[in-house]
Structure formats: structure tokens, C-alpha cells
1. Six or more apart or on different chains, Cβ under 8 Å: which pairs go from a residue in the range 20-45 that's of a type in the set (Ser, Thr, Tyr) to one that's at pLDDT 95 or above and assigned to a strand (DSSP E or B)? Could you list them?
2. Output the qualifying pairs, or none if there are none: Cβ atoms under 7 angstrom, residues six or more apart or on different chains, first residue in the range 1-18 and under 23 Å from residue 41 (Cβ atoms), second residue assigned to a loop (DSSP other than H, G, I, E, B).
3. Restricting attention to the range 148-196, which residues are surrounded by 20 or more Cβ atoms within 10 Å (Cβ to Cβ), over 26 Å from residue 240 (Cβ atoms) and within 16 Å of the ligand (Cβ to nearest atom)?
4. Any residue that is surrounded by fewer than 17 Cβ atoms within 10 Å (Cβ to Cβ), of a type in the set (Gly, Ala, Ser) and free of Cβ contacts under 8 Å to residues at least 24 places away in the same chain - is there at least one of those in the range 51-74?
5. Only one of (1) surrounded by fewer than 19 Cβ atoms within 10 Å (Cβ to Cβ); (2) touching a residue at least 24 places away in the same chain (Cβ under 8 Å); (3) among the aliphatic types (A, V, I, L, M) fails for residue 289. Which number is that?
6. Only one of (1) under 22 Å from residue 204 (Cβ atoms); (2) crowded, with 18+ Cβ neighbours inside 10 Å; (3) under 21 Å from the mean Cα position of the chain (by Cα) fails for residue 93. Which number is that?
7. Name the residues in the range 129-147 that are more than 7 Å from the ligand (Cβ to nearest atom) and crowded, with 16+ Cβ neighbours inside 10 Å, would you?
8. Give the residues of the range 50-75 that are charged (D, E, K, R), touching a helix residue (DSSP H, G or I) at 6+ places or on another chain (Cβ under 9 Å) and at negative phi, sorted by residue number.
Amino acid sequence: MNRFDYVKPQSVAEAVAAAAEPGAAFLAAGTNLLDLMKGGITRPQRLVDVTHLPDLSAIETLPDGGARIGALVKNSDLATDPAFARQYPAVAEALLSGASAQLRNAATVGGNLMQRTRCAYFYDPASACNKRSPGAGCDALGGENHGHAVLGWSDSCIAVHPSDFCVPLAALGAIVEIEGSNGRREVPLTAFHLLPGSTPDKETVLEPGEMIVAVRLPAEAAGFAGHQRYLKVRDRTSYAFAVVSAAAALRMDGGTIGAARLALGGVALKPWRSEAAEAALAGKAPGQAAFAAAAEAAFAEAKPSGDNAYKIDLGKRVVIRALALAAAGTPDRLPALPASPFAPVPEGVLHV
Ligand code: SF4
């Protein structure tokens with residue numbers, strides 16, 4: 001049995017101090033961490049229970065019109081908050097696309113950012129895994145890897161990040177607020193998760209003891225609310241991680257796309273924002289030609305990491321369909337029901 005300390009701090013400052021000990025881990029809902037501990041994949045020496053910390057469970061509208069979401073807000077509470085879902089519908093849609101209702105009722109915003117890859121070899125102590133044991137090798141390379149990365153991977157690790165929530169956050173320019181022993185700092189969500197390089201065990205920019213206290217969405221992102229969707233393709237229609245997903249948001253300027261936001265899930269070890277695709281859309285008329293050009297730009301640097309070349313073609317189709325759904329307009333229904341890959345899309349925009 002693996003012995004560990006359990007502490008329950010009363011403030012963020014106490015939590016940060018308690019987690020500065022080597023081998024400490026923050027515990028919120030534990031929907032990923034406890035599984036990892038039960039499987040012997042991770043063995044924290046101290047659990048810092050942050051579930052009852054004050055002031056981390058609010059969904060606030062900021063004076064400038066943006067939103068600030070406390071790190072302990074439950075996924076389901078955020079998805080069903082009417083004001084939030086109206087302003088950031090693709091975020092609500094992504095949250096409702098993730099996990100099961102039971103898990104969404106427990107899982108937190110901060111925990112969603114911190115969840116770890118679902119690479120099967122990572123969860124199997126008998127397999128070689130550089131992320132679990134640096135220098136051990138990677139059994140996914142040459143193994144069962146049809147779900148692995150096609151962007152940003154390295155010879156050390158080809159895993160993907162599993163979050164749905166993080167994908168529209170990346171597209172919409174979210175900021176992560178972090179508290180540590182040296183005070184508070186802010187990191188764009190697109191810079192929060194790290195690509196594997198030669199150190200796949202280092203997954204985020206968090207230093208020991210630092211904790212996420214909130215995520216902010218800028219007011220500017222609300223300008224995309226009228227044309228914003230999240231589309232997820234998975235091996236089965238519920239309770240499965242994305243094979244490929246896309247968050248697409250358009251700000252229309254008359255009959256043309258004034259600005260676009262696009263990010264991908266299931267393709268890399270971080271939510272993958274494609275500014276090249278966004279640039280390909282700006283100033284264009286919405287339609288097949290513009291969406292196909294954006295899809296090509298989004299996957300221009302993609303390459304298979306194994307038996308997964310299909311993800312590149314599939315990903316382009318998901319981008320085109322997500323953009324077509326976004327162009328058609330955000331559904332009135334709140335909270336938005338997740339977009340189905342089988343739903344009809346506007347006439348004339350069907351295939352790559
Ligand atoms: Fe480990 Fe990454 Fe290889 Fe999976 S892909 S076995 S997480 S090193």
C-alpha cells in the first residue's frame with residue numbers, strides 16, 4: 001500500500017504552501033487523479049484537498065463583459081449557466097460533449113485542464129512510457145496508436161490531450177490564473193499545456209505548488225457568440241474521448257467572415273489552436289472554398305505518428321463541418337445540445 005499524507009487547507013495560500021512539498025498533488029473531484037492512484041500510475045506523497053476552499057466556485061461577469069470562472073466550478077454548473085452558455089456557447093457545448101453526466105457533476109474546471117492523457121500504455125504499468133517513467137521508451141510507437149497524435153508529437157511521446165473543454169477555451173483566447181508561493185500569474189491557455197518534446201513528463205507550465213484558481217474568457221470572445229460550435233467525433237456517441245474535435249467561431253461582418261477562431265482536439269498533446277486556419281478565413285465569404293482552405297491550413301503540418309493517417313483526413317472534414325455549423329448560426333437552445341457529426345449541415349458544404 002502506498003502511504004500518503006492528506007491535508008485540508010482553509011485558504012489558497014495554505015494550499016499553495018502545503019503543495020510546495022515534493023510529491024504533493026492537489027485533490028479536487030479526483031475524477032482522473034484517483035484512478036491514476038488506484039492503478040499505481042501516480043503515487044503522490046501528499047494530497048492537498050482543495051474541494052472546500054472559499055471563493056473558487058463562482059461564475060462571474062467581469063466589468064468589461066468577459067467571464068471569470070473559479071477553478072472549483074463544476075463542469076455541469078458551467079455548461080448550464082444561462083448567461084455563460086449564451087455568451088460562450090461552444091464552451092457549454094464542449095462541456096456537455098465530455099464524459100458522463102455523473103462525471104460532469106463532479107469534475108471541476110481546474111481539474112479539466114489538469115487531466116492527463118488517456119494513452120492506454122500510460123495507464124499500463126507493464127508498458128514502457130516516457131511520460132510515466134522518463135527514459136523508459138514509448139510502447140505506443142509501433143503499438144496500438146490509431147488514436148494518437150498527428151500534430152506536435154515527438155519520438156518521445158505521441159499521446160493526445162483528452163479535454164473537450166480546453167478546445168474552445170484555446171480558440172477563444174482564455175487566460176489561466178495561477179497562484180503560487182511567489183504570488184499570482186496569468187498564462188494564456190494555449191501556452192499552459194506543453195508539447196512532449198524530449199520531456200513528456202512535463203505536461204504544463206505549473207511549477208511545484210502552483211494551483212489554478214480561475215479561467216477567464218475575454219469580452220472580445222463574446223463577439224463570436226452568434227456563430228460558434230463545438231463538434232466532436234468519437235468511437236461511440238457518448239462517454240468517449242475525441243478522435244478529432246473542433247471548436248469553430250466566426251464573427252460575421254455582413255456577408256463575409258470578419259474574424260475566425262479555430263482550435264482542434266484529439267490531435268496533439270495540447271488543445272491545438274490554428275491561427276493559420278483563422279487567417280485563411282478572415283475576409284472570406286463563408287462557404288466550401290473558404291472552409292476547405294482553412295482545413296488544409298489547420299493540418300498543413302500534420303503527419304501520422306503510426307496507424308493514424310486517417311485522422312488527418314477526418315480532421316479536415318471535422319473542421320469543414322464545424323465551420324459550416326458555426327456559419328449557420330448558434331442554436332437558440334440553451335444550453336446548446338452537443339453538435340452531432342451526423343447532423344445535417346447547410347446545403348453546399350458537405351465534404352472536403
Ligand atoms: Fe507514454 Fe506518451 Fe508513449 Fe503513451 S505515447 S506510452 S503517454 S510516452
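The values are calculated or read from the model by the stated rules, or taken from the named source; none is laboratory data. These numbers come from a predicted model, not from an experiment. FYI the Cβ positions are ideal-geometry reconstructions off the backbone, even for glycines, and counts take in every protein chain you see.
1. What qualifies is 42/25.
2. Every condition considered, the pairs that remain are 2/43; 4/44; 4/45; 5/45; 18/9.
3. Matches in the range 148-196: none.
4. Checked the range 51-74: at least one residue is surrounded by fewer than 17 Cβ atoms within 10 Å (Cβ to Cβ), of a type in the set (Gly, Ala, Ser) and free of Cβ contacts under 8 Å to residues at least 24 places away in the same chain.
5. (2)
6. Of everything listed in (1) under 22 Å from residue 204 (Cβ atoms); (2) crowded, with 18+ Cβ neighbours inside 10 Å; (3) under 21 Å from the mean Cα position of the chain (by Cα), residue 93 misses just condition (1).
7. Passing the criteria: 143, 145, 147.
8. Within the range 50-75, 64, 74 meet the criteria.
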